[in-house]
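The values are calculated or read from the model by the stated rules, or taken from the named source; none is laboratory data. Everything numeric here is computed off the predicted structure, so don't read it as measured data. Please note: Cβ atoms are built from the backbone with ideal geometry, for glycine as well, and neighbour counts cover all protein chains shown.
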Amino acid sequence: MRSACIALLVVALVVGSPMRASARDAGREAALAGASVAANILYTPAKAVLALGGLLAGGITFVATGLNERAAYAIWVPTIGGTYFITPARLDGIKPIHFIGSHYPKTMVSKIAKDEPCEHAKDEPCEHGKHHSGCHECDQ
């Protein structure tokens with residue numbers, strides 16, 4: 001009886017323990033790889049056209065606004081940023097797909113914060129212990 005209880009306990013521990021994630025099957029990987037190639041046939045040229053158009057429009061805006069970097073970045077970041085290639089990980093939902101970019105570089109954000117400090121601007125460290133002059137709720 002005691003050996004049966006021990007055997008049952010061992011089985012329960014082995015079956016109930018978290019298992020290592022196994023690799024996905026080869027068929028699913030091949031399907032995702034094929035789908036990513038097919039998606040890139042249409043997606044990548046469209047993204048490249050958008051990026052080139054945004055590069056040109058941002059440059060024209062930069063010159064037309066008297067070398068205003070913020071105006072140019074307002075066009076460049078959404079059009080040039082984002083995802084250029086669809087990978088199997090993106091199709092599987094592991095990584096996001098962003099046709100329109102939204103990540104503004106920290107260097108430009110810092111420059112904007114120095115030029116135009118918000119009402120939260122301060123010279124002493126903010127509540128999170130970061131020392132900067134353009135806090136804006138610690139986003140910069």
Quick one: is residue 89 part of a helix (DSSP H, G or I), at pLDDT 90 or above and farther than 30 Å from residue 25 by Cβ? no
Within segment 1-54, restricting to residues that are over 23 Å from residue 97 (Cα atoms) and among the hydroxyl-bearing types (Ser, Thr, Tyr), the one that is modelled with the lowest pLDDT is 17
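Determine, yes or no, whether residue 71 is within 25 Å of residue 92 (Cα to Cα), in a helix (DSSP H, G or I) and of a type in the set (A, V, I, L, M, F, W, C).
On the way: within 25 Å of residue 92 (Cα to Cα): no; in a helix (DSSP H, G or I): yes; of a type in the set (A, V, I, L, M, F, W, C): yes.
It is false that residue 71 is within 25 Å of residue 92 (Cα to Cα), in a helix (DSSP H, G or I) and of a type in the set (A, V, I, L, M, F, W, C).
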